[in-house]
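Written out below as structure tokens is the structure these notes cover.
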Protein chains: 2
Amino acid sequence: MPATHTVTAYDDELRWLMRRISEMGGLAEGMVADSLKALIEADTALAQRVISEDVLLDRAEREISEKAVLVIAKRQPMASDLREIIGSIRIAADLERVGDLGKNIAKRVIAVHTMAQPKSLVRGLEHLSELALTQLKEVLDAFSSKSSDLAVSIRERDDEIDAIYTSLFRELLTYMMEDPRNITACTHLLFCAKNIERIGDHATNIAETVFYVATGEQLSDERPKDDDTANVMAPPVDD
Amino acid sequence: MPATHTVTAYDDELRWLMRRISEMGGLAEGMVADSLKALIEADTALAQRVISEDVLLDRAEREISEKAVLVIAKRQPMASDLREIIGSIRIAADLERVGDLGKNIAKRVIAVHTMAQPKSLVRGLEHLSELALTQLKEVLDAFSSKSSDLAVSIRERDDEIDAIYTSLFRELLTYMMEDPRNITACTHLLFCAKNIERIGDHATNIAETVFYVATGEQLSDERPKDDDTANVMAPPVDD
């Protein structure tokens with residue numbers, strides 16, 4: 001029964017793509033969680049491990065892309081299968097970037113620890129990363145279950161991450177004003193916060209891909225992916 | 001002659017994708033150049049125009065993605081055509097992000113102009129953006145001509161952008177240390193510089209896509225896309 005055999009091999013290929021995306025997601029989430037842990041606990045060995053794990057995600061992205069193109073060429077999939085395969089390419093690219101952002105946080109661990117971190121800042125960063133990681137985890141579940149409703153609700157929650165990021169941005173500017181010795185460390189923390197906010201944006205991208213895979217339609221109303229800090233001014237310093 | 005007709009229509013579709021990518025590239029380059037001009041000349045009207053143009057890129061990306069998937073489903077392209085079509089989807093995503101980064105620079109124009117900008121900073125940012133825009137322009141030419149050699153040489157030049165960005169980062173930290181009244185504006189300039197550095201990274205991404213489209217191989221040695229500022233420390237302030 002060659003027809004059945006072909007279908008089965010094809011199904012295996014699609015399942016392989018889904019499984020690799022899921023593995024990439026787990027790895028990316030782990031890297032981000034560990035980078036935050038390293039940042040909070042000044043754990044440079046853990047930071048180093050995160051940095052070294054990034055190649056695994058790069059390799060996984062290349063493998064997924066190659067496999068996806070092979071499957072398209074060989075199977076000539078139609079409609080929803082084609083969208084799922086194209087979606088895998090897109091999501092793999094987002095997850096590779098999430099790993100880069102985790103690595104970038106890990107690389108800042110030493111620079112940040114020139115300053116004793118105020119508890120509110122640490123808590124703010126932890127909260128921000130928990131939200132971003134929850135978004136990432138849920139949106140990958142939405143991809144597994146092809147749930148367009150879940151994708152839409154995840155996309156809308158990105159506002160919460162943006163709001164917390166903006167408040168951290170303001171707080172970090174204030175610490176710099178209060179004591180110029182905090183400037184270097186606070187600047188690196190600003191970039192860490194920005195990286196976490198970007199992880200939320202990648203979850204939003206993935207939500208849009210999931211919606212497209214599930215429905216064949218694109219979410220057309222623009223959700224701005226840049227941050228809301230453009231006009232944040234710190235309180236003036238006392239002269 | 002239906003066969004000829006089909007081939008011609010298919011060629012038209014491929015040309016349409018290439019033309020739209022090229023138009024997106026022109027628009028994204030224009031947005032970035034204008035955002036820098038607005039930043040340097042404190043031109044808030046120009047900044048506003050950049051912000052409003054972003055929807056055009058979002059729309060173009062969606063159109064290109066939709067068309068690409070339709071062409072794959074209808075024509076079942078093999079090998080190099082398939083890579084070109086998948087490449088269009090990837091490049092459109094990169095160009096959409098370049099537009100977002102230009103918009104983000106434009107949004108910071110007001111915050112930055114609370115501070116008189118030292119000439120060296122302005123010149124540094126101009127130089128950085130000229131390099132990034134040259135990379136972007138050349139990599140889109142490389143896509144048009146399917147030149148893998150050009151793609152490789154563009155990818156290697158990203159180091160230059162990273163080096164200038166790192167030096168600007170250091171200079172901005174120093175200005176903040178010297179006068180805490182500069183902190184807000186310098187922080188926004190830091191993010192502007194970071195955004196330009198990211199535009200260079202997107203040119204690098206596109207170079208990798210062009211190489212893949214032209215050769216069917218992926219550039220395997222990792223070129224880190226994150227920046228080199230992670231350990232930059234500003235000179236200590238005088239107590």
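The values are calculated or read from the model by the stated rules, or taken from the named source; none is laboratory data. Note that this is a predicted model, so its numbers are computed, not measured. Neighbour counts are summed over all protein chains in view; Cβ atoms, including those assigned to glycine, are modelled from backbone coordinates with ideal geometry.
The lone criterion from (1) at the interface with chain B (Cβ under 10 Å from one of its Cβ atoms); (2) charged (D, E, K, R); (3) within 16 Å of the chain's Cα centre (by Cα) left unmet by residue A:179 is number (3). Among residues of segment A:48-75 being touching a residue at least 24 places away in the same chain (Cβ under 8 Å), more than 22 Å from residue B:81 (Cβ to Cβ) and at the interface with another protein chain (Cβ under 9 Å from one of its Cβ atoms), the one that is surrounded by the most Cβ atoms within 10 Å (Cβ to Cβ) is A:54.
Could you list, in sequence order, all residues of segment A:124-137 that are small (Gly, Ala, Ser) and either buried (at least 24 other Cβ atoms within 10 Å of the Cβ) or at pLDDT 95 or above (or both)? Let's see the steps before the verdict.
As a first pass, look at segment A:124-137 and keep what is small (Gly, Ala, Ser): A:124, A:129, A:132.
Hits for segment A:124-137 are A:129, A:132.
Looking at segment B:39-54, which of the residues that are of a type in the set (A, V, I, L, M) and at pLDDT 95 or above is farthest from residue B:135 (Cα to Cα)? Break it down stepwise before answering.
Let us first name the residues in segment B:39-54 that are of a type in the set (A, V, I, L, M), namely B:39-40, B:42, B:45-47, B:50-51.
Filter again for at pLDDT 95 or above, leaving B:45-47, B:50-51.
On the way: B:45: 27, B:46: 24, B:47: 23, B:50: 20, B:51: 23 Å.
Among those residues, the one meeting the criterion is B:45.
Within segment A:145-174, residues that are within 14 Å of chain B (Cβ to nearest Cβ) and buried (at least 19 other Cβ atoms within 10 Å of the Cβ) have Cβ atoms under 6 Å from residues that are among the aliphatic types (A, V, I, L, M) and not in a helix (DSSP H, G or I) in these pairs: A:169/A:232; A:173/A:234, counting only partners at least 6 apart in sequence or on another chain. Within segment B:107-123, if we keep just the residues that are surrounded by 18 or more Cβ atoms within 10 Å (Cβ to Cβ) and touching a Phe, Trp or Tyr at 6+ places or on another chain (Cβ under 8 Å), the residue that is farthest from residue B:35 (Cα to Cα) turns out to be B:121. Taken over segment B:97-106, the criterion of being closer than 19 Å to residue B:143 by Cα and crowded, with 24+ Cβ neighbours inside 10 Å is satisfied by B:98, B:99.
Going residue by residue through segment A:60-83, is there one that turns out to be under 16 Å from the mean Cα position of the chain (by Cα), part of a helix (DSSP H, G or I) and among the hydrophobic types (A, V, I, L, M, F, W, C)? Full working, then the answer.
Let us first name the residues in segment A:60-83 that are under 16 Å from the mean Cα position of the chain (by Cα), namely A:60-61.
Pick out the ones that are also part of a helix (DSSP H, G or I) and you get A:60-61.
Retained after the next criterion (residues that are among the hydrophobic types (A, V, I, L, M, F, W, C)): A:60.
Within segment A:60-83, one or more residues are under 16 Å from the mean Cα position of the chain (by Cα), part of a helix (DSSP H, G or I) and among the hydrophobic types (A, V, I, L, M, F, W, C).
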